[in-house]
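Worksheet: one structure, shown below.
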Amino acid sequence: MRFSVLASGSTGNAIYIENDEHSFLVDAGFSAKKMESLMAGINRSMKELDGIFVTHEHSDHIKGIGVVARKYGLPIYANEKTWQAMDGLVGTIPLDQRFQFDMETVKSFGSLDVQSFAVSHDAADPMFYAFHENGRKLVVITDTGYVSDRMKGHIRGADSFVFESNHDVSMLQMGRYPWSVKRRILSDVGHVSNEDAAVAMSEVVEQKETHIYLSHLSKDNNMKDLARMSVTQTLQTCGIMTGEYVHLHDTDAEQPTELVTV
Ligand SMILES: [Zn+2]
Ligand SMILES: [Zn+2]
């Protein structure tokens with residue numbers, strides 16, 4: 001299995017996953033044109049995709065869904081409440097491209113198993129995905145207010161994580177956002193901070209080579225260097241030295257990460 005974080009941040013998110021037989025996206029939070037150029041950035045084409053797994057109906061995750069579904073005839077997977085919430089936001093998606101992916105279930109595509117799991121986020125029925133193939137595991141979790149024990153059960157022991165590291169708490173508190181927005185982000189159904197992400201990660205990584213892609217960084221309340229530094233420091237206080245078996249990677253709001261094998 002191989003993947004690339006095509007782009008991730010508060011303005012849009014899309015993650016590409018492939019094996020030798022199939023290729024998928026998790027979310028398509030950019031215009032069709034931008035999605036095409038992100039895919040070209042890893043020498044792939046929207047035409048080759050087998051489908052898109054939707055996490056939730058926020059625009060930074062579904063902005064391009066309607067257009068790319070129609071343009072490329074792509075199957076779209078989402079749970080029932082997310083479908084209801086998406087209708088009206090993404091235009092008409094033909095019935096034969098609408099697939100239901102229930103919460104906490106597994107769908108298999110050849111040797112690739114895709115597990116959905118619930119997160120705590122202020123959308124209709126948000127869920128993220130863990131991909132399993134040949135004993136290897138990739139977890140994508142970019143929008144959650146906290147990481148529950150149940151979520152930890154699903155994500156524990158992954159070889160690669162695309163993990164939310166949304167904000168620096170003091171930047172958010174000092175920043176220009178209205179208090180209601182700050183309160184939402186800091187709540188249990190908002191986004192995890194750099195420190196909270198690191199504490200959760202310290203509880204789910206196992207003692208093996210693990211790659212963590214810090215994702216969904218807030219444009220206003222975080223910076224790559226700051227996220228990496230505070231995650232590194234917090235992991236260290238939890239007894240994990242980065243660079244030994246845990247490796248941190250940046251993602252970018254505009255540019256794809258290198259296509260790598262899990
Ligand atoms: Zn969201
Ligand atoms: Zn988001």
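The values are calculated or read from the model by the stated rules, or taken from the named source; none is laboratory data. Because the structure is a prediction, the values reported are computed rather than measured. A quick note on method: Cβ atoms are made from the backbone with ideal geometry, for glycine too, and the neighbour counts reach across all protein chains shown. Only protein heavy atoms, including side chains, enter the accessible area calculation; ligands, DNA and RNA are left aside. Shrake-Rupley method; radii C 1.70, N 1.55, O 1.52, S 1.80 Å.
Using a/c under 1.5 as the rounded threshold, could you call segment 21-67 rounded, prolate or oblate? The axes a ≥ b ≥ c are square roots of the C-alpha gyration tensor eigenvalues, and prolate needs a/b larger than b/c, oblate otherwise. Note, shape of segment 21-67 comes out oblate. Taking 25 Å as the limit for the C-alpha separation, the pairs 81/152; 107/182; 182/219; 34/71; 81/137 exceed it in the case of 107/182; 81/137. Rolling a 1.4 Å probe over the protein chains gives residue 22 an accessible area of about 50 Å². Seen through its C-alpha gyration tensor, with square-root eigenvalues sorted a ≥ b ≥ c, segment 179-262 comes out oblate because a/c lies at 1.5 or above while a/b is not bigger than b/c. Within the shell defined by Cβ-Cβ distances under 11 Å, the residues around residue 142 carry a net charge of -4, with Lys and Arg each +1 and Asp and Glu each -1. A simple count of charges around residue 32, restricted to other residues whose Cβ falls under 14 Å of its Cβ and scoring Lys, Arg +1 and Asp, Glu -1, yields +4. Roughly how many percent of the accessible protein surface of the chain is carbon and sulfur, given a 1.4 Å probe and a whole-percent answer? Heavy-atom surface of the chain belonging to carbon and sulfur, 1.4 Å probe: 48 percent. A simple count of charges around residue 212, restricted to other residues whose Cβ falls under 12 Å of its Cβ and scoring Lys, Arg +1 and Asp, Glu -1, yields -3.
Once you order the gyration tensor axes a ≥ b ≥ c over the Cα atoms, which shape class does segment 1-147 get: rounded for a/c under 1.5, otherwise prolate or oblate by comparing a/b with b/c?
On the way: a/c = 1.26, a/b = 1.02, b/c = 1.23.
Judged from the Cα gyration tensor, segment 1-147 comes out rounded (a/c under 1.5).
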